[in-house]
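So the structure is just underneath, and the comments pick up after that.
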């Protein structure tokens with residue numbers, strides 16, 4: 001499934017002319033995600049649904065209860081579960097008020113954030129900054145870049161660690177933002193958390 005990133009524009013007013021690029025972005029807004037159970041023939045997976053049509057090869061054969069369709073916003077807010085079982089686990093954590101999978105530590109680590117080139121930006125942009133809080137699955141960092149919730153950044157500890165990171169929330173203002181990041185394709189190694197660091201409550 002192709003990665004979906006970046007903030008999406010508002011829909012054009014009725015009757016307005018829509019260009020090719022904007023038409024594609026509006027199509028993304030109408031997408032849903034179909035999750036399959038690990039008991040399905042696909043062994044669990046997430047598939048894009050557009051106009052009611054799923055990209056899954058096993059939708060028709062999936063038994064009742066072994067598939068679930070979510071809106072794109074709901075799927076992203078739950079941490080992008082990749083199966084029916086992961087969705088159930090995320091729902092359980094939300095009901096218990098605990099959406100954190102890993103311990104967090106108030107640790108300052110020098111990192112580089114890179115903003116990837118996209119249709120909105122001709123080239124990549126980067127800055128060197130420090131973390132306020134780190135966990136194996138994400139980090140809270142300061143930034144002077146005007147990024148938006150949902151944007152995908154490259155997060156690097158030079159020479160030690162690199163991961164794509166989704167901006168889960170943005171706070172602060174007046175030139176300095178605080179970005180809550182969730183790592184998408186890697187986990188922060190234990191060696192980067194100083195010995196003796198106490199987990200935050």
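Residue count for segment 73-89 under the criterion of being over 9 Å from residue 35 (Cβ atoms) and at pLDDT below 80: the result is 8. The listed residues are 153, 181, 188, and the only one of them that is closer than 23 Å to residue 82 by Cα and either assigned to a loop (DSSP other than H, G, I, E, B) or out of contact with any strand residue (DSSP E or B) (no Cβ under 9 Å at 6 or more places or on another chain) (or both) turns out to be 188.
The values are calculated or read from the model by the stated rules, or taken from the named source; none is laboratory data. The shown structure was predicted, so the numbers you read here are calculated from the model rather than taken from an experiment. Cβ sites come from the backbone with ideal geometry, for glycine too, and all protein chains shown count toward neighbours.
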